[in-house]
Amino acid sequence: MSSTLRFTCLLAAVASAAIALPASASAASTASRSSRDLVKAIARGDCDGAVRLASEGKQSDDPQTIFFIGRMFAEGVCIDADGAAATTYFSHAAAQGFPGAEIEYGLQFGLGDGVDQSYERAGEHCQKGGLEHQGGGASLYSLGYVCTVRGLASRRLRETLPRDAIMPGSRAARVSFNPVSGTMQIRTIPRIATVRDTTTGTFVQRPIIDADAIIARAWRDALNAVPKPDAARLENEGMELNLDLDMTLEAGGGGGRVHLLPNSVLMPGDVPVQAAAPGLPHH
């Protein structure tokens, strides 16, 4: 079992309020009961309960829970990390119209994690998840590359951000990225929690983290870690997009904290999964 108990459940990665979402997405505002129970178990550090609830959720074919199980496998939360299993769960949830799962499925293609690496396929799934509006009409290959860098940077931020770093109700972290030059600019950052600095005797409130530096480092690390793209297929145009930090659940200390940022969408799905997903290993 991974010692990591932090679990981030980013549900719909959308770039701006102008994105046109399906009617079913606009009507969705709450998670399914099984998915809520699952993330609550993880938030309080109950891995036995989380694995049990994940198994039950898989049997019920609930797409939100299936998506969360994919996140568990992808980030090694309460169970051993397994890229192939994560890809399978994201695929099942994506097949039911869950946009966040489409983007995570695209990330798996971009990384070649549990599936043959392909920026073209990554672009296809990221586009289905809503990122075509962020990319401004970018080619699927270029979009897939950007989506992969963004997804890996987001994942690393979710795994490393300190507890309670982001204030509830904050705006999204937004960046601009040119895939040809590799230049990234931070457009907006969430509201960061502060602590009182008593070293100067003035009781000045200071942020508990340097958000700009942390985001820049995560992006740089992701840029260096993703498969090298074919430069001739990339578009020399800046693309603006949000980082995937909409909802963070952390374990320990008597319960979790939920931070929901703008443009998060929870989609209820009612189409059964057609193929059996892999079983959950004992931790």
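Overview of values
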read-out	value
VAL77, sole failed condition from (1) in contact (Cβ under 8 Å) with a residue 40 or more places away in the chain; (2) over 13 Å from the mean Cα position of the chain (by Cα); (3) within 19 Å of SER154 (Cα to Cα); (4) surrounded by fewer than 23 Cβ atoms within 10 Å (Cβ to Cβ)	(4)
Enumeration of residues in the range 113-144 that are over 26 Å from ASP62 (Cα atoms), outside any helix (DSSP H, G or I) and either modelled with pLDDT of 95 or more or among the β-branched types (Val, Ile, Thr) (or both)	ASP116, GLN117, SER118
Test: residue in the range 190-203 that is under 19 Å from the mean Cα position of the chain (by Cα) and either closer than 25 Å to ALA54 by Cβ or modelled with pLDDT of 90 or more (or both)	no
Residue count, the range 145-175 (criterion: hydrophobic (A, V, I, L, M, F, W, C) and assigned to a loop (DSSP other than H, G, I, E, B))	5
Residues (in a helix (DSSP H, G or I), surrounded by fewer than 24 Cβ atoms within 10 Å (Cβ to Cβ) and in contact (Cβ under 8 Å) with a residue 60 or more places away in the chain) located in the range 49-68	VAL51, SER55, LYS58
Matching residues, the range 148-162, being at pLDDT 95 or above and more than 10 Å from the chain's Cα centre (by Cα)	THR148, VAL149
First in the range 180-196 and without any contact (Cβ under 8 Å) to a residue 40 or more places away in the chain, second anywhere and outside any loop (DSSP other than H, G, I, E, B) and among the basic types (Lys, Arg), Cβ under 7 Å, 6 or more apart	THR188/ARG174; THR194/ARG206; VAL195/ARG206
Selection within the range 212-242 - part of a loop (DSSP other than H, G, I, E, B), touching a Gly at 6+ places or on another chain (Cβ under 8 Å) and crowded, with 19+ Cβ neighbours inside 10 Å	VAL226
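Table: residues versus (1) at pLDDT 95 or above; (2) more than 23 Å from ALA101 (Cβ to Cβ).
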residue: ASP210; (1), (2): no, yes
residue: ARG217; (1), (2): yes, yes
residue: LEU223; (1), (2): yes, yes
residue: GLU237; (1), (2): no, yes
residue: ASN242; (1), (2): no, no
residue: MET247; (1), (2): no, no
residue: GLU250; (1), (2): no, no
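The values are calculated or read from the model by the stated rules, or taken from the named source; none is laboratory data. No experiment lies behind these values; they were computed from the predicted model shown. Because the Cβ atoms are built from the backbone with ideal geometry, glycine has one as well, and the counts that use them run over all protein chains shown.
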